[in-house]
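S.K.: My questions will all concern the structure given below.
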Amino acid sequence: MKIRCTILFATLLLCGTATLAQDRFEVYGEYSYLRFNPTVFGLNSRSFNGGGGGATLFFLKILGIKADLMGYGSTSFTKTFASSVTLPGGGTIPAGTYTSQGNMFTYLFGPVVRVPIPKVKPFGELLFGGSNTNGYVNLVNSINAGGGTISKTPAQHPFTMALGGGLDISVSKHISIRPGEIDYVLSRYTNPLTSTNNQNNFRYCGGVVFKF
């Protein structure tokens, strides 16, 4: 008798959860703009343009887990040194202007909370994961090619976090438009020129969401 009651209770619980979790699974594709702050003195923030996508699984109407993957095309990094510089680690940078290219990738995962309004669904998110850029490595290579003696930095995949939210507007039962998602993005790349980290970045995303 107890086993039957337990099975019945579990069945009712699963059915109730499925009823609450309408639009349980979403897949999206987005354009993304990232304003990256490289934390090199005299080097301005860089604009990355790219895109990607991901998926969100909702356990309830308001709570889900999101996987977010974005890639950004190459942008130029230019740094000018008016005089030669000796770094704390012992490397040297000759006076001159150095230019390199860099791209970036992010892979983030975490909880999403949404407001289940029928046609418009605001949401907030807190995502954790990592990222990768070859901008710092290529800049060091450019400096060393010009006579510098900086130790080469291996590829980095530092901790990266995104905090923000956006808005989805339903246009049909299975499609929504995401006009805007705004995130603060923290990345922790070690800067080979100054040995600092913690880059404070801005991200915008917008695209199409497919609901199942």
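Any read-out appearing in this document is the output of simple, stated calculations on the displayed coordinates, not a laboratory observation. Since this is a predicted model, take the numbers as computed values, not measurements. So basically every Cβ, Gly included, is an ideal-geometry build from the backbone, and we count neighbours across all protein chains shown.
S.K.: Counting Lys +1, Arg +1, Asp -1, Glu -1, what net charge surrounds PHE36 among other residues with beta carbon under 10 Å of its beta carbon?
M.R.: Its environment carries a net charge of +3.
S.K.: Tell me, what is the FRET efficiency for THR190 and LEU126 to the nearest 0.05, using R0 = 22 angstrom and their Cβ-Cβ distance as r?
M.R.: Working: r = 24 Å, r/R0 = 1.09.
For R0 = 22 Å, the calculated efficiency reads 0.35.
S.K.: To continue, here is another question. At a Förster radius of 41 Å, what calculated FRET efficiency corresponds to the Cβ-Cβ distance of ASN103 and LYS61, to the nearest 0.05?
M.R.: Details: r = 38 Å, r/R0 = 0.92.
Approximately 0.60, to the nearest 0.05.
S.K.: I need the peptides 109-120, 174-185 ranked by packing, meaning the mean over residues of other C-beta atoms within 10 angstrom, with the highest value on top. Kindly include the intermediate steps, with their values, before the conclusion.
M.R.: Values: 109-120: 13.8, 174-185: 16.2.
Result, highest mean Cβ count within 10 Å first: 174-185, 109-120.
S.K.: Tell me the angle of helix 2-20 to the major Cα principal axis of the chain, expressed in degrees between 0 and 90 and rounded to the nearest ten.
M.R.: The two axes meet at around 60 degrees.
S.K.: Rounded to the nearest 500, what is the 222 nm mean residue ellipticity of the chain from helices alone, with -39500 (n - 2.57) per DSSP H run of 4+ residues and division by all residues?
M.R.: Numbers: 2 runs with 30 residues, N = 212.
So the helix-based figure for the chain works out to -4500 deg cm²/dmol.
S.K.: Under a cut-off of 19 Å between alpha-carbon atoms, report the aspartates and glutamates in cross-link reach of LYS119, not counting same-chain residues fewer than 8 places apart.
M.R.: ASP23, GLU26, ASP168, GLU181
S.K.: Still on this structure, please answer the following. Relative contact order for the chain using alpha-carbon pairs under 8 Å, separation at least 6, rounded to a whole percent?
M.R.: Numbers: 546 pairs, mean separation 43.1, N = 212.
Over the chain, the number comes to 20 percent.
S.K.: Apply the Karplus curve 6.51 cos²θ - 1.76 cosθ + 1.60, θ = phi - 60°, to the phi angles in region 58-75 and return the couplings in whole Hz, x for Gly and Pro.
M.R.: 9, 8, 9, 4, 10, 10, x, 10, 10, 10, 10, 10, 10, x, 10, x, 5, 9
S.K.: In addition: Pulled fully out, how much extra length does the chain show between VAL113 and THR149, if you take 0.36 nm times their separation in residues and subtract their Cα-Cα distance?
M.R.: Working: separation 36, 0.36 × 36 = 12.96 nm, distance 4.90 nm.
Fully extending the segment from VAL113 to THR149 adds 8.1 nm.
S.K.: To the nearest 10 degrees, how steep is helix 135-145 against the longest Cα principal axis of the chain, on a 0 to 90 scale?
M.R.: Helix 135-145 sits at roughly 20 degrees to that axis.
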